[in-house]
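The values are calculated or read from the model by the stated rules, or taken from the named source; none is laboratory data. None of these values were measured; they are calculated from a predicted model. For neighbour counting, all protein chains shown are included, and Cβ atoms are generated from backbone atoms with ideal geometry for every residue, glycine included. What goes into the accessible areas is simple: the full protein's heavy atoms, side chains included, and nothing from ligands, DNA or RNA. Shrake-Rupley method; radii C 1.70, N 1.55, O 1.52, S 1.80 Å.
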Amino acid sequence: MSTNQLFYTLQIADNALILGHRISEWCGHGPILEQDIAITNTSLDHLGQARSLYQHAADLFNALSSAEKTNCFASAALQAKISKGENLTEDDLAYLRDGWDFRNVLLVEQPNKDWAYTIARSFFYDAYNFCFYTELQKSKDSALAAIAEKSLKEVTYHLRWSSEWVIRLGDGTDESHARIQEAINSYWAFTGELFEMSVVDKAAGEVDVNALKPVWLQRVTTVLDEATITVPKDAWMHSGGKDGRHTEHLGYILAEMQFMQRAYPNMEW
Amino acid sequence: MNQLINKNLYGDYGDKENAGGASGSHDTSSEWPLWEVFIRSKAGLDHKHAGSLHAADAQMAIENARDVYTRRMEGVSIWVVESKYIHASDPGESESMYEPATDKIYRHPTFYDLPDELKHM
Amino acid sequence: MTVHSFQEHFDKKIDDEVMIEPRDWMPDDYRKTLIRQISQHAHSEIVGMLPEGNWITRAPSLRRKAVLLAKVQDEGGHGLYLYSAAETLGISRDEMLDQLHTGKAKYSSIFNYPSLTWADMGAIGWLVDGAAIMNQVPLCRTSYGPYARAMVRVCKEESFHQRQGFEIMLTLSNGTEVQKKMAQDALNRWWWPSIMMFGPPDADSPHTAQSMRWRIKRFTNDELRQKFIDVTVEQAKLIGLTVPDPDLKWNDATGHYDYGAINWDEFWNVVKGNGPCNKERLEARKKAWEDGAWVRDAALAYSKKRKARKENNKTLAA
């Protein structure tokens, strides 16, 4: 067992957790009760996926040799556990790593801002996730394949939901059109990273994300066309998330999310 | 008196255009229409009225129904119908509508006195 | 039928425990009282999303995060069921929300208290949902059909809420010293507001008699409060927490717990808007609604456009 499979799993898990966390910020603040409930269902799906993936990642980690274990994470709190020979859990991985140990793409940590930005972010990611999980079902890691198969059903619905909202906003009022166009333009620069093969991607020999781009682009273009939204020109793309170099937003997410585990370490909740 | 009789029509199943709740004084033109949701809990059973919700169109109404009324595996199939399209019988006429059925007990199998030896009937 | 016989017919149904349905004739005051009660109940559910909602992003484990998120979402669902029930009485949801946003309508005062620590998620589930269930179970048999049906659905879902709250408290009580302290602190702060949730004493509750007559209410405020205290004190003992009432003691003669004087001055002040979070709660609801206006308008505009296009295509085809 190599550390790469662990990092590969974490890369997927971190995307699910951070996006689920972001979307959960809407709960109680949605534009109408029905959609408040709908978007929260999506968040619960992402969190559920994150939990399955972290549990698998914890198993992978716990099976490593002690030499391998010490080189996995920078966080002092995790190092303390590791040096005591403790097994790690899903919560240790979610709550005790610092930003540079998180491998999520920059897109998912971007702020909600308004309904248009939230929809644009979800739409880009859902379209990617749909392609990604479809391929991951063939993973040679049977646990990942099983998670992918289960998640794909959820993601299929997510993509339907976010696509419909892109169309509704794009082809709705002048205001909604302007807002969703702005959001699409703004978050476009974070879509390139989805298809970059990170060091971990390359070593894993699992999904060739680079090959997903044409399918993704076709899907996105079809929806944006129907929404009367102009597809942004290819321009400079941000990246770094997969290698642990994040935007400033992630730090605040973690500060909030990890507060309890940091202030009251080593307790059961 | 007119006003009083009119109260018969309060309700979600009104045959008025504004069924679903306009009280007249409030502008509801920006409100998403009201829909009635019917759910089949498992194959083989009828769709049953589950409740109502607001949605901008039929497709959204089905999705909202999925998110609102089937979070605990309550359904395998959903029907939605915009509330204003439901026509209902008038409760004021319930005596003439339903009471004539009460003395037709010969429609029920228990009305007939048959020997105990008779099987499978 | 004459006015008189409408009323007689209605009264007889109430006496015979027959449900009143939306299109049935009902006295104006019955309708008004129901709209007030159901919409206040609905408002309480959606304002109630806020004190717990603010801990979703800070929940201490992934399991707790998912459970809390599902719970707060359920409350949104409960608000939705209740608004729908009220809508059958001839008021729109927008109108009810308008009453909430302008301060005309009230909601349960308990949600004007702050949730300060993670233990508050336990205390709210255990005490606030516990008190709510006490109130709500009898309402499953309330005289107005749509309200009763909404309450059946609410109560079914609510049972997991109190359990998850109690489980949080139990875990804290079995935890470290600081966790026990956190749990006790939460109980100290939520106990009195929880027992105030049942409303003013019967003597000061002018609507109770009429509402009982109509079977909109099935027990008085004091009856329900006593029942809640009797049950909850035992639960607190089970997890080794102390109810913050020095006058609390078992009374053999009545078969109930006697309890200390409730600070009704505080209660009325919070109702009037002087609670610690009244402004924040209302601001948050208003902001969500106002920020959502363009989204709701867009969906409606799109639906109209699409309908028009369909009609157009039909005409072209014909």
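Observations on the model:
- Criterion (surrounded by fewer than 19 Cβ atoms within 10 Å (Cβ to Cβ), closer than 14 Å to A:GLU109 by Cα and of a type in the set (Gly, Ala, Ser)) met by exactly one of A:GLY192, A:GLY205, A:GLY240: A:GLY240
- Sole residue being among the charged types (D, E, K, R) and either open to solvent by 60 Å² or more (accessible area, probe 1.4 Å) or over 30 Å from A:ILE37 (Cα atoms) (or both), chosen from C:LYS279, C:LYS217: C:LYS279
Conditions (1) without any contact (Cβ under 8 Å) to a residue 40 or more places away in the chain; (2) more than 10 Å from chain C (Cβ to nearest Cβ); (3) open to solvent by 20 Å² or more (accessible area, probe 1.4 Å); (4) in contact with a Leu (Cβ under 7 Å, 6 or more places away or on another chain), marked per residue:
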position: A:HIS158; (1), (2), (3), (4): no, yes, no, no
position: A:SER176; (1), (2), (3), (4): no, no, no, yes
position: A:ASN185; (1), (2), (3), (4): no, yes, yes, no
position: A:VAL220; (1), (2), (3), (4): no, yes, no, no
position: A:ASN266; (1), (2), (3), (4): yes, no, yes, no
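- Every condition in (1) over 21 Å from C:ASP222 (Cβ atoms); (2) surrounded by 12 or more Cβ atoms within 10 Å (Cβ to Cβ) holds for C:LYS272 except the one numbered (2).
- Test: residue in region A:73-93 that is within 14 Å of another protein chain (Cβ to nearest Cβ), open to solvent by 40 Å² or more (accessible area, probe 1.4 Å) and under 29 Å from C:ARG296 (Cα atoms): no
- Answer residue from region B:23-65, given it is of a type in the set (D, E, K, R) and closer than 23 Å to A:THR173 by Cβ and is modelled with the lowest pLDDT among those: B:ASP27
- Residues located in region C:14-32, provided they are acidic (Asp, Glu), facing chain B (nearest Cβ under 9 Å), assigned to a loop (DSSP other than H, G, I, E, B) and without any contact (Cβ under 8 Å) to a residue 24 or more places away in the chain: C:ASP24
- Residues in region C:1-18 that are touching a Pro at 6+ places or on another chain (Cβ under 9 Å) and crowded, with 17+ Cβ neighbours inside 10 Å: C:PHE6, C:PHE10.
- Here A:LEU64 clears all of (1) surrounded by fewer than 24 Cβ atoms within 10 Å (Cβ to Cβ); (2) of a type in the set (A, V, I, L, M); (3) in a helix (DSSP H, G or I) except the condition numbered (3).
- Qualifying residue in region A:24-35 (condition: within 14 Å of chain C (Cβ to nearest Cβ), under 15 Å from the mean Cα position of the chain (by Cα), under 22 Å from A:HIS249 (Cβ atoms) and crowded, with 24+ Cβ neighbours inside 10 Å): yes
- Residue, nearest to A:ALA38 (Cα to Cα), within region B:49-65, restricted to residues that are buried (at least 18 other Cβ atoms within 10 Å of the Cβ) and not hydrophobic (A, V, I, L, M, F, W, C): B:ASN64
- The residue that is farthest from the other protein chains (Cβ to nearest Cβ), among those in region C:44-57 that are part of a helix (DSSP H, G or I) and within 10 Å of C:PHE111 (Cβ to Cβ), is C:SER44.
- Residues of region C:202-234 satisfying the condition of being in a loop (DSSP other than H, G, I, E, B) and under 19 Å from the mean Cα position of the chain (by Cα): C:SER205, C:HIS207, C:ARG215, C:ILE216, C:LYS217, C:ARG218, C:PHE219, C:THR220
- Residue list for region B:87-110, restricted to those being farther than 22 Å from C:TRP25 by Cα and either among the charged types (D, E, K, R) or under 20 Å from the mean Cα position of the chain (by Cα) (or both): B:ASP103, B:LYS104, B:ARG107
- Comparison of A:LEU19, A:LEU44 shows that the only residue that is in contact (Cβ under 8 Å) with a residue 24 or more places away in the chain, closer than 30 Å to C:HIS43 by Cβ, crowded, with 20+ Cβ neighbours inside 10 Å and within 14 Å of another protein chain (Cβ to nearest Cβ) is A:LEU44.
- Taken over region C:187-201, the residue count meeting the criterion of being in a helix (DSSP H, G or I) and open to solvent by less than 50 Å² (accessible area, probe 1.4 Å) is 7.
- Any hit, region C:102-120, residues being touching a residue at least 40 places away in the same chain (Cβ under 8 Å), surrounded by fewer than 20 Cβ atoms within 10 Å (Cβ to Cβ) and in a helix (DSSP H, G or I): no
- Tally, over region B:65-121, of residues that are in a helix (DSSP H, G or I), among the polar types (S, T, N, Q) and free of Cβ contacts under 8 Å to residues at least 40 places away in the same chain: 3
Every residue, every condition in (1) closer than 26 Å to C:SER205 by Cα; (2) in contact with a Leu (Cβ under 8 Å, 6 or more places away or on another chain); (3) within 12 Å of chain B (Cβ to nearest Cβ), yes or no:
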position	(1), (2), (3)
C:VAL3	no, yes, yes
C:GLN7	yes, no, yes
C:LYS12	yes, no, no
C:LEU34	yes, yes, yes
C:GLN37	yes, no, no
C:ALA42	yes, yes, no
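- Cβ-Cβ contacts under 7 Å between residues 6 or more apart (or on different chains), taken from a first residue in region C:296-310 that is more than 19 Å from B:LEU34 (Cβ to Cβ) to a second residue that is open to solvent by 100 Å² or more (accessible area, probe 1.4 Å), are absent.
- Residue match in region C:300-312 (condition: open to solvent by less than 30 Å² (accessible area, probe 1.4 Å), within 11 Å of another protein chain (Cβ to nearest Cβ) and of a type in the set (D, E, K, R)): no
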